[in-house]
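Undergrad: Would you mind keeping the following structure in view while I ask a few things?
What follows draws every value from the coordinates through simple rules; no lab data is involved. Note that the structure is predicted; figures quoted are calculated from it, not measured. Neighbour counts run over all protein chains shown; Cβ positions are idealised from the backbone, glycine included.
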Amino acid sequence: MKTLVNVVEVEKEGFMALLGQHVMVFCANYIYAGTLVGVNDECIKLDAARIVYETGPLSEKKYKDAQNLPTSIWYIQKTAIESFGVGKEG
């Protein structure tokens, strides 16, 4: 049997590590993109937020079809998020 002996808490991991960066957030129904400018226990806050209808090849620098949301700032509930990471700029 293997057992965990040391537990190390790493600060600035997950969303905190991505603050100020352009992110792509995969949610239950949609993909969102924008600059991550806020994080709390319930939601994240994106600036220059867009909904991504088609990513295109992930190796490309721009999304194939990303539409601006009605306002620059957009909030996403953390409970809807499946995965996230650094995203495309365009």
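Undergrad: Can you find, within the stretch 59-90, the residue that is nearest to the chain's Cα centre (by Cα) among those that are polar (S, T, N, Q) and under 16 Å from N29 (Cβ atoms)?
TA: S83
Undergrad: Hey, among I73, I44, which residue is touching a residue at least 12 places away in the same chain (Cβ under 8 Å) and touching a helix residue (DSSP H, G or I) at 6+ places or on another chain (Cβ under 8 Å)?
TA: Selected residue: I44, the only one of I73, I44 that is touching a residue at least 12 places away in the same chain (Cβ under 8 Å) and touching a helix residue (DSSP H, G or I) at 6+ places or on another chain (Cβ under 8 Å).
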